[in-house]
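Novice: Handing you this structure, nothing more for now.
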Amino acid sequence: MSKYYLTTPIYYVNAAPHIGHAYTTIVADLIKRFKRMQGYQAVLTTGSDEHGVNVERAAERAGKTPKEFCDVIAREFQRQWEVLGLEVDYFQRTTSPEHARVVQGLFERCRRNGYIYKGSYTGQYCIFDNLYVNDAKPGDPCPDCGRPTETITEENFFFKLSAFQEKLLDLYRDHPEFIQPETRRNEVLSFVSSGLTDLSITRTNIKWGIPVVGEAPHVFYVWFDALTAYMSAVDGKTAGDGAPLWPADLHLIGKEIVRFHAVFWPAFLMAAGLPLPTRIFAHGWLLFENDKMSKSRGNIVRATPIRDVMGADALRYFLLREVVFGQDGSFSYDALIGRYNSDLANGLGNLASRTLTMIHQYRQGTIPEGSEPEVAALAGQAIAAVQGTFDRFEFSKGLEAVWEVISAVDKFIVRMAPWKLARQQDQASQEQLNRTLYTAAEALRIITALVAPVLPDSAKKIWAQLGMQEPLEALRFETLAWGGLPPGQKIGEVSPVFPRIELKDAVAKMRALEEQVTAEQLAMLGKKPEPAAAAAPSGPAKIPIDDFLKVDLRVGLVLTAERVKGSDKLMHMTVDIGETEPRTIVAGIAEAYAPADLLHRKVVIVANLQPRKLKGIQSNGMIVAASVEDGKPVLAGFHEDIPPGARLK
Ligand code: MSP
């Protein structure tokens, strides 16, 4: 049996788990189950990324040591995966001693091979994303989170990433499947083709990290440490056939961490002379109210309230059917419940209960004999479709193919009208009834097997109701073929697997639980409870005062103003906001104000926005204005005198 080793990112411990994390881990669990059905020994690693300044600070806020803090949150992630029924084999913590040993070993190999050197780094750094921001100036925002970066200077160990440009391009060319989907591959290709700069991989200003042996006070930089978890989790471990589990067959990641995985990680491994992973697949983001769900945006939904009210399978089905894997997808309670009722309660659930109930009613719970080739052919096509689509990570498409068969079997049942056949005692009708019931039940068995990787709990229930003896986990595609349901088999008791869910009631329950879980998680993180943003019945999400204080609002004095050529809307201004030089600001106010109205006017400026080019002019800030729908903007201003540069708080 060949091995199939797959991983999820190891999650940061400075936030508690939400459905964004659950999404990747659920997909990984699905792939593991699917690969097992294909006959692989599938092994799944996830874990927690526990080092860095953020964690130190979060621990301090929570009144704990970093280790105590990490223990609590890592346990919470583990508990989460258990509660959701995910089959995790290894949960790797970056604070484990074995992991430290493997990181140090990887560094030594890279160093021995001449890819490590000491250098001095002065630059901008985002402490939230643990990211050096190349080519940034003091005060520039972090390209990932938009928060202001900090300037740091220190002696670091550098990794010679620049030496790997050609080797990486060769890798992408020779193995086009290495990074998927295509859009991400193209991004990586253009990033690497434009040239690579060496990478700082240690810190001297952090205590909470893995020490570089004999080089105190250097500790490893987060990505050199974190990525290595994929390898350290299975260090020295082999599959049943004795083959080492490393290298990974698949790294599943979110699209924001492609560069680290598709560029840094293979370069580290090449430098160390170690085998590379086969494939990296980057999925899109789960959005809530059109924004990426994330702690800093305060628009988080957790998985456990959904599981408690609707079952883990409902969440799994929604995520895999509704969201095209690889693209962004929106989460909403309405869509979740809509999908559940239409596809699970009315679709699969209804097919299962009507088929099994009829076998009880008309054949005393015994599977009859006979079959209809037209439905058998459809089921055969679905087996092939699921294998093909799932192998290409097209889960939504695969499920669509299965649901087409569900609806075809439904129509078949209606056409055959077994309830009429049951009333006719002639042999032909009774044989037709046998064929109809067997066909429906056998189609149900195959459908159940096909959806088992996506709906493991529910599939198990239907499997038992069909009276199947073979454990569902033991089922393989190889032997899944029409005719596997033995005539004469006694079916089990029938009970609804997907009872219909009433929207209002379920949403109210999930929102109440969401509030409770939010409070528990905040307490765990040592924070005071805030009203749950995602649970707010209406209006924009509430933000903590700290978030507001991140916006640098200043009084500005307009020095010059002129319309931007070729635009009705845009005004090009220079504005004194108390800095050595006035700011250039381009704003969409030219339909409401003439240049002369603006001169010497005191306005409010957002001073720490990322610069933006508008009609070729770089705008370094935003002017604050109020507006009603379809109305013209009205600039915010002051009645009293106030100097330019004063901060609004
Ligand atoms: N610790 C790093 C990863 C190191 S891997 C060697 C990290 N951690 S994280 O906690 O921020 O988790 C990021 C991953 O969580 C994403 O790549 C994605 O898999 C998942 N998601 C977190 N929020 C998400 C959404 N809103 N939507 C989809 N997936 C999301 O980055």
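Novice: Using the structure shown, select from Lys292/Lys527; Lys292/Lys504; Lys64/Lys255 the pairs with a Cα to Cα distance greater than 28 angstrom.
Specialist: On the way: Lys292/Lys527 22 Å; Lys292/Lys504 25 Å; Lys64/Lys255 32 Å.
Over 28 Å Cα-Cα: Lys64/Lys255.
Novice: Compare the peptides 327-335, 226-234, 87-95 by average per-residue count of other Cβ atoms within 10 angstrom and give them in order, highest first. Mind dumping the intermediate values first?
Specialist: Working: 327-335: 15.8, 226-234: 25.8, 87-95: 20.2.
Ranking the peptides 327-335, 226-234, 87-95 by packing returns 226-234, 87-95, 327-335.
Novice: Let me ask something else about it. Give me the orientation-averaged projected area of the Cα convex hull of the chain, in nm², one decimal. All intermediate terms of the calculation are to be shown ahead of the outcome.
Specialist: Working: hull surface 137.6 nm².
If I average the Cα hull's projected area over directions, I get 34.4 nm².
Novice: Around Lys461, what is the net charge, scoring Lys/Arg as +1 and Asp/Glu as -1 over all other residues with Cβ under 15 Å from its Cβ? Intermediate results must be reported in sequence, preceding the final value.
Specialist: Details: positive: Arg316, Arg445, Lys460; negative: Asp313, Asp457, Glu473, Glu493.
My count for the surroundings of Lys461 gives -1.
Novice: How much of Ile127 can a 1.4 Å solvent probe reach, expressed as accessible area in Å² and rounded to 10?
Specialist: 20 Å²
Novice: Please report the carbon-and-sulfur percent of the accessible area for the chain; probe 1.4 Å, protein heavy atoms only, DNA, RNA and ligands left out.
Specialist: Numbers: 14520 of 28240 Å².
Using a 1.4 Å probe with all protein chains present, the chain comes out at 51 percent carbon and sulfur.
Novice: Tell me, in nm to one decimal, what length is gained between Arg79 and Gln430 on full extension, where the rule is 0.36 nm per residue of separation less the Cα-Cα distance? Don't jump to the answer; show the numbers that get you there.
Specialist: Numbers: separation 351, 0.36 × 351 = 126.36 nm, distance 5.25 nm.
Answer, rounded to one decimal: 121.1 nm.
Novice: Normalised by the residues of the chain, what does the relative contact order come to in percent, with Cα pairs under 8 Å and at least six apart? Before the final figure, lay out the partial values.
Specialist: Details: 1121 pairs, mean separation 79.6, N = 649.
Relative contact order comes out at 12 percent.
Novice: Over the Cα atoms of region 265-306, what radius of gyration and what Dmax do you get, in Å?
Specialist: Reported Rg and Dmax, both Å: 17.3, 46.
Novice: For labels at Thr366 and Ala636 in the simple 7 Å Cα→Cβ model, what's the distance in nm?
Specialist: 8.0 nm
Novice: Let me ask something additional. Could you state the accessible area per residue of the chain in Å², with a 1.4 Å probe and every protein chain left in place? Intermediate values should be presented prior to the final figure.
Specialist: On the way: 28240 Å² over 649 residues.
Counting only protein heavy atoms, the per-residue value for the chain is 44 Å².
Novice: Students often check this: by mean Cβ neighbours within 10 Å, which of 262-274, 381-393 ranks highest, and how do the rest follow? Provide the component values of the computation, followed by the final result.
Specialist: Numbers: 262-274: 21.5, 381-393: 17.8.
Per-residue mean Cβ counts within 10 Å order the peptides as 262-274, 381-393.
Novice: For Val606 and Thr584 in one chain, what is 0.36 nm times their gap in residues minus the Cα-Cα distance, to one decimal in nm?
Specialist: Numbers: separation 22, 0.36 × 22 = 7.92 nm, distance 1.24 nm.
Result: 6.7 nm gained on full extension.
Novice: Please compute the contact order of region 277-366 in relative form: average sequence separation of alpha-carbon pairs under 8 Å and at least six residues apart, divided by the residue count, as a percent. The partial results should precede the final answer.
Specialist: Values: 63 pairs, mean separation 25.0, N = 90.
Normalised by residue count, the contact order of region 277-366 is 28 percent.
Novice: Please express the Cα-Cα pair-distance distribution P(r) of region 392-535 as a list of whole percents, one per 10 Å bin, running from 0 to the bin with the greatest distance.
Specialist: Histogram of Cα-Cα distances, whole percents per bin: 9, 26, 26, 19, 12, 5, 2, 0.
Novice: Given the rule -39500 (n - 2.57) for each run of at least 4 DSSP H residues, summed and divided by the residues of the chain, what is its mean residue ellipticity at 222 nm, to the nearest 500 deg cm²/dmol?
Specialist: Details: 21 runs with 253 residues, N = 649.
Value at 222 nm, helices only: -12000 deg cm²/dmol.
Novice: Compute for region 287-417: radius of gyration divided by Kirkwood radius, i.e. Rg/Rh, restricted to C-alpha atoms, rounded to two decimals.
Specialist: Details: Rg = 18.2 Å, Rh = 17.0 Å.
So for region 287-417, dividing Rg by the Kirkwood Rh gives 1.07.
Novice: Take every DSSP beta bridge whose two residues both sit in the chain, then give the antiparallel share in percent to the nearest 5.
Specialist: Working: 48 of 70 bridges.
Of those bridges, close to 70 percent are antiparallel.
Novice: Determine which lysines satisfy two conditions relative to Lys460: a Cα distance under 24 Å, and not lying fewer than 8 residues away in the same chain.
Specialist: The qualifying lysines are Lys32, Lys35, Lys397, Lys490.
Novice: Something else: Determine, for each peptide in 492-500, 440-448, the mean count of other beta carbons within 10 angstrom over its residues, then list the peptides with the highest first.
Specialist: Numbers: 492-500: 15.9, 440-448: 25.2.
By packing density, highest mean first, the sequence is 440-448, 492-500.
Novice: I'd like the FRET efficiency for Glu98 and Phe191, computed as 1/(1 + (r/R0)^6) with the beta carbon distance as r and R0 of 22 Å, rounded to 0.05. Walk me through the numbers on the way to the answer.
Specialist: Working: r = 33 Å, r/R0 = 1.48.
Step by step, r from the Cβ atoms, then E = 0.10.
Novice: For Tyr4, list long-range residues whose amide hydrogen, built 1.01 Å from N in the peptide plane, is under 5 Å from its own amide hydrogen.
Specialist: Distant-sequence amide H within range of Tyr4: Gln41, Ala42, Val43.
Novice: For the chain, give the magnitude of the charge dipole about the Cα centre (Cβ charges: +1 Lys/Arg, -1 Asp/Glu; no others), in debye to the nearest 20.
Specialist: Dipole magnitude for the chain comes out near 140 debye.
Novice: Right, here's the next one. What do you get when you divide the Cα radius of gyration of region 181-260 by 2.2 N^0.38 Å, with N the number of residues? Walk me through the numbers before you get to the answer.
Specialist: Values: Rg = 16.4 Å, N = 80, 2.2 N^0.38 = 11.6 Å.
Against the compact-globule rule of thumb, the ratio is 1.41.
Novice: At a temperature of 10 °C and a viscosity of 1.306 mPa s, determine how fast region 1-133 diffuses translationally according to Stokes-Einstein, using the Kirkwood radius over alpha-carbon pairs as Rh; express D in µm²/s, rounded to the nearest whole number. Please list the in-between numbers first.
Specialist: Values: Rh = 17.0 Å.
The Stokes-Einstein estimate is 94 µm²/s.
Novice: Please enumerate, by chain and number, the lysines with C-alpha under 16 Å from the C-alpha of Lys569, excluding those fewer than 8 residues away in the same chain.
Specialist: Within the straight-line cut-off, Lys569 pairs with Lys613, Lys615, Lys632.
Novice: Over region 144-235, what lengths in whole Å, largest first, do the semi-axes of the equivalent ellipsoid take, defined as the square roots of 5 times the eigenvalues of the alpha-carbon gyration tensor?
Specialist: Square roots of five times the eigenvalues give 28, 18, 14 Å.
Novice: Between Arg415 and Arg476, with labels modelled 7 Å along Cα→Cβ, what's the label distance in nm to one decimal, could you check?
Specialist: About 3.5 nm separates the two model spin labels.
The values are calculated or read from the model by the stated rules, or taken from the named source; none is laboratory data. Only a predicted model underlies this, so the values are computations on that prediction, with no experimental measurement involved. Counting neighbours? That spans all protein chains shown, and the Cβs are built from the backbone with ideal geometry, glycine included. Heavy atoms of the whole protein, side chains included, go into the accessibility calculation; ligands, DNA and RNA do not. Shrake-Rupley method; radii C 1.70, N 1.55, O 1.52, S 1.80 Å.
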